[in-house]
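**Student:** The structure is given below, and queries will be raised subsequently.
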């Protein structure tokens with residue numbers, strides 16, 4: 001069996017159809033989205049046998065810096081992977097590192113579900129980090145889902161409906177309005193937002209395949225909140241969200257999540273993955289927002305390997321200081 005970075009889409013797709021734990025984050029479709037995004041550079045390595053792929057790792061080098069990707073502003077993200085035969089993970093990680101070590105400050109494996117074999121990663125120099133998430137089982141149906149939410153969350157949804165919040169009906173969402181709502185939210189949180197080209201590419205590649213939902217909430221015909229959700233078979237992945245001050249005032253964020261859950265049930269989806277909820281025990285606003293929807297908390301954790309630890313600590317300290325100074 002050989003290590004290769006030249007994987008055909010057909011072989012890649014066949015592998016994902018057969019392997020447990022596959023998700024859109026390790027798919028050729030999302031890598032295609034990244035390939036057309038400013039500052040993003042996707043890659044894939046696989047262990048290939050005559051009868052097909054045995055293990056695969058897809059990653060993306062991400063930098064928000066302009067121009068060429070400076071190492072200290074770049075990280076390699078491996079979301080939901082690697083996949084396949086665990087015994088081959090060390091070879092996959094080594095092949096990935098041969099690329100990432102020259103172009104990034106660190107690599108981070110973001111697990112989607114608990115149960116990752118720590119030994120395979122720790123032997124390759126990765127360190128474990130606890131990181132929480134919330135999953136919502138959609139199979140009980142709408143009435144049960146609503147009953148499991150906190151009282152305050154149900155009141156917020158009802159309040160949004162009384163205020164006239166509704167879905168903005170449009171065959172093609174306005175990208176300018178969508179990105180503006182995302183910018184408002186990320187600006188309030190003092191964290192960088194992915195470039196607009198990520199969303200333009202995602203709309204072009206994923207929407208026609210039914211793998212991206214974009215729901216926009218509006219009041220009086222004006223958009224006030226947006227939620228972008230990735231779909232992989234019967235699983236929904238919360239991806240990006242944004243809202244204006246008007247949307248926040250009328251609980252449009254809460255209301256949009258409820259619309260997504262209802263649509264998921266109607267379309268036969270079985271699981272809503274809310275995404276990261278931060279380290280356990282840490283005060284984190286998005287985690288509290290997600291918790292009140294009544295999902296199950298899990299700790300899938302992360303693995304991280306820093307290639308330039310001293311310089312990376314300095315960059316992180318400067319970033320945190322910058323956030324404090326702008327609050």
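**Student:** How many residues does the range 245-265 contain that are part of a loop (DSSP other than H, G, I, E, B) and surrounded by fewer than 21 Cβ atoms within 10 Å (Cβ to Cβ)? Even if it seems obvious, please write down each step before you answer.
**Tutor:** Of the residues in the range 245-265, the ones part of a loop (DSSP other than H, G, I, E, B) are 250-251.
Among the residues that remain, those that are also surrounded by fewer than 21 Cβ atoms within 10 Å (Cβ to Cβ) are: none.
Summing the residues that are part of a loop (DSSP other than H, G, I, E, B) and surrounded by fewer than 21 Cβ atoms within 10 Å (Cβ to Cβ) in the range 245-265 gives 0.
**Student:** Further question: Give the residues of the range 142-164 that are surrounded by 14 or more Cβ atoms within 10 Å (Cβ to Cβ), over 26 Å from the mean Cα position of the chain (by Cα) and not in a helix (DSSP H, G or I), sorted by residue number.
**Tutor:** Listed by number, the list holds a single entry, 163.
**Student:** Could you figure out which of (1) under 19 Å from the mean Cα position of the chain (by Cα); (2) assigned to a helix (DSSP H, G or I) isn't true of residue 114?
**Tutor:** Only one criterion in (1) under 19 Å from the mean Cα position of the chain (by Cα); (2) assigned to a helix (DSSP H, G or I) is unmet by residue 114, namely (2).
**Student:** Which numbered condition in (1) out of contact with any strand residue (DSSP E or B) (no Cβ under 6 Å at 6 or more places or on another chain); (2) part of a strand (DSSP E or B); (3) free of Cβ contacts under 8 Å to residues at least 40 places away in the same chain is the only one that residue 239 fails?
**Tutor:** With (1) out of contact with any strand residue (DSSP E or B) (no Cβ under 6 Å at 6 or more places or on another chain); (2) part of a strand (DSSP E or B); (3) free of Cβ contacts under 8 Å to residues at least 40 places away in the same chain applied to residue 239, the lone miss is (1).
**Student:** What's the total number of residues in the range 191-200 that are touching a strand residue (DSSP E or B) at 6+ places or on another chain (Cβ under 9 Å) and surrounded by fewer than 23 Cβ atoms within 10 Å (Cβ to Cβ)?
**Tutor:** Of the residues in the range 191-200, the ones touching a strand residue (DSSP E or B) at 6+ places or on another chain (Cβ under 9 Å) are 193-195, 197-199.
This time we only want the ones that are surrounded by fewer than 23 Cβ atoms within 10 Å (Cβ to Cβ), so: 193-195, 197-198.
Summing the residues that are touching a strand residue (DSSP E or B) at 6+ places or on another chain (Cβ under 9 Å) and surrounded by fewer than 23 Cβ atoms within 10 Å (Cβ to Cβ) in the range 191-200 gives 5.
**Student:** Right, next: If a residue must be touching a residue at least 60 places away in the same chain (Cβ under 8 Å), in a helix (DSSP H, G or I) and under 19 Å from the mean Cα position of the chain (by Cα), how many such residues does the range 1-33 contain?
**Tutor:** The number of residues fulfilling the criteria is 7.
**Student:** Out of the range 255-287, which residues are farther than 18 Å from residue 143 by Cα and within 18 Å of the chain's Cα centre (by Cα)?
**Tutor:** Our first condition is that a residue be farther than 18 Å from residue 143 by Cα; within the range 255-287, this holds for 273-287.
Within the range 255-287, 273, 274, 275, 276, 277, 278, 279, 284, 285, 286, 287 meet the criteria.
**Student:** Looking at 301, 268, which is the one that is at positive phi, buried (at least 18 other Cβ atoms within 10 Å of the Cβ) and modelled with pLDDT of 80 or more? Quick ask: steps written out before the conclusion?
**Tutor:** Working: 268 fails: buried (at least 18 other Cβ atoms within 10 Å of the Cβ).
Exactly one of 301, 268 is at positive phi, buried (at least 18 other Cβ atoms within 10 Å of the Cβ) and modelled with pLDDT of 80 or more, namely 301.
**Student:** When you scan the range 143-158, do you find a residue that is touching a strand residue (DSSP E or B) at 6+ places or on another chain (Cβ under 9 Å) and on the phi > 0 side of the Ramachandran plot, even just one?
**Tutor:** no
**Student:** Here's something else I'd like to know. Can you tell me which of 226, 178 is buried (at least 16 other Cβ atoms within 10 Å of the Cβ), under 16 Å from the mean Cα position of the chain (by Cα), touching a residue at least 40 places away in the same chain (Cβ under 8 Å) and under 24 Å from residue 39 (Cβ atoms)? Give the derivation first.
**Tutor:** Details: 178 fails: under 16 Å from the mean Cα position of the chain (by Cα).
Result of the check over 226, 178: 226.
**Student:** Those residues that are over 16 Å from residue 46 (Cα atoms) and either assigned to a loop (DSSP other than H, G, I, E, B) or touching a helix residue (DSSP H, G or I) at 6+ places or on another chain (Cβ under 7 Å) (or both), I need them from the range 88-108; list them, please. Walk me through it before giving the result.
**Tutor:** To start, the set of residues in the range 88-108 that are over 16 Å from residue 46 (Cα atoms) comprises 101-108.
101, 102, 103, 104, 105, 106, 107, listed by residue number.
**Student:** Please verify whether residue 221 is more than 21 Å from residue 290 (Cβ to Cβ) and over 21 Å from the mean Cα position of the chain (by Cα), treating the condition exactly as stated.
**Tutor:** Numbers: more than 21 Å from residue 290 (Cβ to Cβ): yes; over 21 Å from the mean Cα position of the chain (by Cα): yes.
Yes: the conditions hold for residue 221.
**Student:** Still on this model: May I ask you to list the residues in the range 201-213 that are outside any helix (DSSP H, G or I) and surrounded by fewer than 21 Cβ atoms within 10 Å (Cβ to Cβ)?
**Tutor:** The first filter runs over the range 201-213 and keeps only residues outside any helix (DSSP H, G or I), leaving 206, 210-213.
Within the range 201-213, 210, 211, 213 qualify.
**Student:** Give the number of residues within the range 93-111 that are buried (at least 17 other Cβ atoms within 10 Å of the Cβ), modelled with pLDDT under 95 and more than 20 Å from the chain's Cα centre (by Cα).
**Tutor:** So in the range 93-111, the residues buried (at least 17 other Cβ atoms within 10 Å of the Cβ) come out as 93, 95-97, 99-100, 103-111.
Still in the list and also modelled with pLDDT under 95: 103-106.
Going one step further and asking which of them are more than 20 Å from the chain's Cα centre (by Cα), we end up with 103, 105.
Of the residues in that region, 2 qualify.
The values are calculated or read from the model by the stated rules, or taken from the named source; none is laboratory data. Bear in mind the structure is a predicted one, so any value in this text is a computation, not a measurement. Don't worry about glycine lacking a Cβ; one is built from the backbone with ideal geometry, like all the others, and counts go over all protein chains shown.
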